[in-house]
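The values are calculated or read from the model by the stated rules, or taken from the named source; none is laboratory data. The structure presented is a predicted model; accordingly, all values stated were derived computationally and were not measured. Neighbour counts are summed over all protein chains in view; Cβ atoms, including those assigned to glycine, are modelled from backbone coordinates with ideal geometry. Side chains are part of the model used for accessible areas, which takes the heavy atoms of the whole protein and leaves out ligands, DNA and RNA. Shrake-Rupley method; radii C 1.70, N 1.55, O 1.52, S 1.80 Å.
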Amino acid sequence: MPLQALPLPPSELGESPFWHPQEKRLYWCDIAGFAVNAWEPDTGHRWHWKMPSEPGCCAPSADGKIVIGLRDGFYHLDCMTGALACLATLPADAHDTRLLRLNDGKCDTAGRLWAGSMISPRTQPAAALWRLHCTAGHCTVARMAGDNFTANGLAFSPDNHWMYWSNTPEHRIDRFAFDATTGRISDRQPWVRFAPKAAGEAYGGRPDGASVDVDGNYWVAMYEGASILQLSPAGDVLRRIATPVQCPTMVCFGGDDLRTLYITSARAGRPATECEAAIPAGSLLRMRVDIPGLPVNFFQPG
């Protein structure tokens, strides 16, 4: 299957796609559109849930709901009724919602949800990495890392030894040592750096959302770089996939064999030439790949 656009309306800022293996549906957020969406490839049916603030990330929950990171904290979405229930809000002294909102996030194999934030305007690196953990019906949030402007690229290695986290404006992906049993991270190190914009030089983009395949390769959307990169566990570029949209935002693996790569993209703030193109900015794309991805991890509400 060549890279193709799906028969769906463009998103203003598509992000956080995941494939639900039981429902056989693709879910994703439209952050700037204040919505969470789902699409069933077999029937073409679409679902659309409006949100009260920007949904930065979403993930499946073991109780049949969807867990979502909104501007101020974490919520459960009942897809049958559209009802939202608050799981936990972020502390106001560390997360000023006038400047900060939750952004990219994923669950680990133990069912904890990790989500980074972003700050606007980018006056200081006040964005952070938050962890939501629920036990016996009680949910707590913990600030796990900081020193970021726009947190993206959260992903885990297949052996659970590493957690990846990018600072998009800084053109850098960091890597932490990860303990899946305790949910602790340590030994933060820069893993891959990309060249920033420079006058007269071709721009390869900056690292946005990502997913990992079963071989441990890291697939990352390069925002403004019109491409997806497949990076080896050592950080080497194994493959570059050109996209018909300038601003791909995130990738996920789907389908029964997890060998369909889905790609979200951004429309908000892009020029008319991109928004009016045959494949417009904000389109959702897919293609077949040789290596399957890791299955989505489900949130455990406790």
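Taking every residue in segment 201-216 that is free of Cβ contacts under 8 Å to residues at least 12 places away in the same chain and more than 25 Å from residue 254 (Cα to Cα) and pairing it with any residue that is in a loop (DSSP other than H, G, I, E, B) and not polar (S, T, N, Q), at least 6 positions away or on another chain, the pairs with Cβ-Cβ distances below 8 Å are 201/195.
Summed over segment 143-170, residues that are β-branched (Val, Ile, Thr) and assigned to a strand (DSSP E or B) total 1.
Could you grab me the full set of residues in segment 188-224 that are among the small types (Gly, Ala, Ser) and either surrounded by fewer than 19 Cβ atoms within 10 Å (Cβ to Cβ) or more than 20 Å from residue 109 (Cα to Cα) (or both)?
Just the residues of segment 188-224 that are among the small types (Gly, Ala, Ser), to begin with: 195, 198-200, 202, 204-205, 209-211, 216, 221.
If the condition is that a residue be among the small types (Gly, Ala, Ser) and either surrounded by fewer than 19 Cβ atoms within 10 Å (Cβ to Cβ) or more than 20 Å from residue 109 (Cα to Cα) (or both), then 195, 198, 199, 200, 202, 204, 205, 216, 221 are the ones that fit.
Taking the criterion of being closer than 23 Å to residue 111 by Cβ, in a loop (DSSP other than H, G, I, E, B) and not basic (Lys, Arg), would at least one residue in segment 260-282 satisfy it?
Going through segment 260-282, the residues closer than 23 Å to residue 111 by Cβ turn out to be 262.
Pick out the ones that are also in a loop (DSSP other than H, G, I, E, B) and you get none.
Scanning segment 260-282 turns up no residue that is closer than 23 Å to residue 111 by Cβ, in a loop (DSSP other than H, G, I, E, B) and not basic (Lys, Arg).
So, restricting to strands (runs of 3 or more DSSP E) that lie completely within segment 24-134, which ones have at least 2 residues that are closer than 30 Å to residue 5 by Cβ? So that I can check it myself, show each step before the final result.
Numbers: elements: 25-30, 35-39, 46-50, 57-60, 66-69, 73-77, 84-89, 100-107, 113-119.
Passing ranges, in order: 25-30, 35-39, 46-50, 57-60, 66-69, 100-107, 113-119.
Any residue in segment 39-56 that is buried (at least 22 other Cβ atoms within 10 Å of the Cβ), within 17 Å of residue 167 (Cβ to Cβ), of a type in the set (Gly, Ala, Ser) and in contact with a Leu (Cβ under 6 Å, 6 or more places away or on another chain)? Within segment 39-56, one or more residues are buried (at least 22 other Cβ atoms within 10 Å of the Cβ), within 17 Å of residue 167 (Cβ to Cβ), of a type in the set (Gly, Ala, Ser) and in contact with a Leu (Cβ under 6 Å, 6 or more places away or on another chain). The criterion of being open to solvent by less than 30 Å² (accessible area, probe 1.4 Å), at pLDDT 95 or above, part of a strand (DSSP E or B) and farther than 12 Å from residue 73 by Cα does not hold for residue 139.
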